[in-house]
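Have a look at the structure below before the remarks.
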Amino acid sequence: MKDFLIKGIKARGVNAPLKYPVYTAMGAVETSPLVLIDVLTTTDEVGHAYIFGYTPLTIKPLISIIMGMESALIGLPVAPQSIEKILSEKFTLLGFTGLVRMACSGIDMALWDLLSKQAGLPLYKYLGGIAQPIKSYDSHSMDGRNLAAERAAGAASSGFKGIKTKIGYSSVQEDINVIRGIRKEVGDNFSIMVDFNQSLTVPQAIARGQALQDEGIAWIEEPTLQYDYDGHKRIRESLNVPIQMGENWIGPEEMMNACMAGASDLAMPDIMKIGGVTGWLRASALAQQFSLPMSSHLFQEFSAHLLTVTPTADWLEKLDIAESVVDSSLKFVDGNVIISDEPGAGITWKESEIVKYII
């Protein structure tokens, strides 16, 4: 067999439009700043992945970090576990975190895309999973009562059985009004998740949570600062609604710290921050050991594949941050995500659109 080695890396920045800006209690994300990553090989196969910078200010630094790693990776086998070890050691003194971890995760994702393509298998089959519908919720913004209710009704009519809305309005009564407006549209047999995006102090979170816990919500997400594991534990112990966190865990090591602290009832790693596919697989083992239902955050193309091999798989978050530049093979039917059997993670670039938003 011809050697399957890394020949080069390509990284491009785009500032893509969003169908709905993402408004939160801690600020707004009005566009989707992405870095599109291609890992090139000596067999001329290409692995694709993208990462999300949250603000356009991160795009150039992320590209610089990714391309700075190229010389260290050229000539190496396409072996993500080994490459993760090399990169983690390379950045130990700096700290294997922040933008560095995000950049490395993007490379890791592209490498797994490559391996499954070389095998002629969709990623989930390459990882040992089987095709199965994965329940998905439609992820919304801090939309105000009227738009929140309208979007929820649209999601329900499209077959979704759950939505997430962002709250943390100026008063708890506004939070309650939004939730009740949604409930009126979707009925009782429907999951409503709420996300405070770290906007509350611990006492505020306890007070608001106690006011909300009789509204039939499925979880309260990141009520206080994400690194305050003790604070999240105190909130958990004061409420009868599950606490969700995890999108800001940088690597499985932070997830382990949160689990040991009893900070959350549920787990929601972000593949870009947890360490790519390699990091996700380690995180899913932790979720199994701590009996935490595990959902995904963003990156729905890769996340759908990974949830098939996650022992405690729960919900997939549908929030398509890359739809303007990525042609995804995913389908959503009756609130479930259906994965295609094409090789890899199912990502194809929309080159004609990319040129419009390139940075």
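The values are calculated or read from the model by the stated rules, or taken from the named source; none is laboratory data. These figures come from a predicted structure and were not determined experimentally. Note: ideal-geometry Cβ built from the backbone for every residue, glycine included; neighbour counts use all protein chains shown. These accessible areas exclude ligands, DNA and RNA; they are computed on the full protein's heavy atoms, side chains included. Shrake-Rupley method; radii C 1.70, N 1.55, O 1.52, S 1.80 Å.
Just to check your reading of the model, which residue among A283, A345 is touching a residue at least 24 places away in the same chain (Cβ under 8 Å), touching a Phe, Trp or Tyr at 6+ places or on another chain (Cβ under 7 Å), farther than 18 Å from D138 by Cα and of a type in the set (A, V, I, L, M, F, W, C)?
Result of the check over A283, A345: A345.
State whether the residues of segment 207-229 include one that is hydroxyl-bearing (S, T, Y), closer than 25 Å to M245 by Cβ and in contact with a strand residue (DSSP E or B) (Cβ under 7 Å, 6 or more places away or on another chain).
Looking for residues that are hydroxyl-bearing (S, T, Y), closer than 25 Å to M245 by Cβ and in contact with a strand residue (DSSP E or B) (Cβ under 7 Å, 6 or more places away or on another chain), one finds none in segment 207-229, hence no.
Just for segment 295-311: of the residues that are more than 23 Å from S141 (Cβ to Cβ) and without any contact (Cβ under 8 Å) to a residue 40 or more places away in the chain, which one is most open to solvent (accessible area, probe 1.4 Å)?
P311
Kindly establish whether S141 is open to solvent by less than 40 Å² (accessible area, probe 1.4 Å), part of a loop (DSSP other than H, G, I, E, B) and in contact with a strand residue (DSSP E or B) (Cβ under 7 Å, 6 or more places away or on another chain). Walk me through it before giving the result.
Values: open to solvent by less than 40 Å² (accessible area, probe 1.4 Å): yes; part of a loop (DSSP other than H, G, I, E, B): yes; in contact with a strand residue (DSSP E or B) (Cβ under 7 Å, 6 or more places away or on another chain): yes.
When the stated conditions are applied, S141 passes them.
Yes/no matrix, rows are residues, columns are (1) surrounded by 14 or more Cβ atoms within 10 Å (Cβ to Cβ); (2) over 17 Å from the mean Cα position of the chain (by Cα):
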site: V78; (1), (2): yes, yes
site: S82; (1), (2): no, yes
site: F91; (1), (2): yes, yes
site: M102; (1), (2): yes, no
site: D108; (1), (2): yes, no
site: L114; (1), (2): yes, yes
site: K117; (1), (2): yes, yes
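Residues that are open to solvent by 10 Å² or more (accessible area, probe 1.4 Å), modelled with pLDDT of 95 or more and of a type in the set (S, T, N, Q): which helices (runs of 4 or more DSSP H) entirely in segment 149-259 hold 2 or more of them? It would help to see each step written out before you state the result.
Values: elements: 172-186, 202-212, 229-238.
Where helices (runs of 4 or more DSSP H) fall fully within segment 149-259 and carry at least 2 residues being open to solvent by 10 Å² or more (accessible area, probe 1.4 Å), modelled with pLDDT of 95 or more and of a type in the set (S, T, N, Q), they are 172-186, 202-212.
Say whether the condition of being touching a strand residue (DSSP E or B) at 6+ places or on another chain (Cβ under 9 Å) and in contact (Cβ under 8 Å) with a residue 12 or more places away in the chain is met by at least one residue in segment 88-97.
No: zero hits.
Among the residues of segment 9-27 satisfying the criterion of being among the aliphatic types (A, V, I, L, M) and over 14 Å from P56 (Cβ atoms), which is farthest from the chain's Cα centre (by Cα)? Before the answer, list the steps.
Initial filter on segment 9-27 (among the aliphatic types (A, V, I, L, M)): 9, 11, 14, 16, 18, 22, 25-26.
If we keep only those that are over 14 Å from P56 (Cβ atoms) too, we end up with 9, 11, 22, 25-26.
On the way: I9: 23, A11: 20, V22: 14, A25: 19, M26: 18 Å.
For segment 9-27, the residue satisfying everything is I9.
Scan segment 267-284 for residues that are closer than 19 Å to A79 by Cα and either assigned to a loop (DSSP other than H, G, I, E, B) or open to solvent by 10 Å² or more (accessible area, probe 1.4 Å) (or both) and jot them down.
Those that are closer than 19 Å to A79 by Cα and either assigned to a loop (DSSP other than H, G, I, E, B) or open to solvent by 10 Å² or more (accessible area, probe 1.4 Å) (or both): G275, L281, R282.
Can you go through G262, G335, G344 and tell me which one is farther than 24 Å from R101 by Cα, over 17 Å from the mean Cα position of the chain (by Cα), open to solvent by less than 40 Å² (accessible area, probe 1.4 Å) and at pLDDT 95 or above?
G262
What residue, of E84, E30, is of a type in the set (D, E, K, R) and touching a Gly at 6+ places or on another chain (Cβ under 9 Å)?
Details: E30 fails: touching a Gly at 6+ places or on another chain (Cβ under 9 Å).
After ruling out the rest, the residue left standing is E84.
Within segment 49-70, is there a residue that is touching a helix residue (DSSP H, G or I) at 6+ places or on another chain (Cβ under 8 Å), over 13 Å from G106 (Cβ atoms) and among the polar types (S, T, N, Q)?
No.
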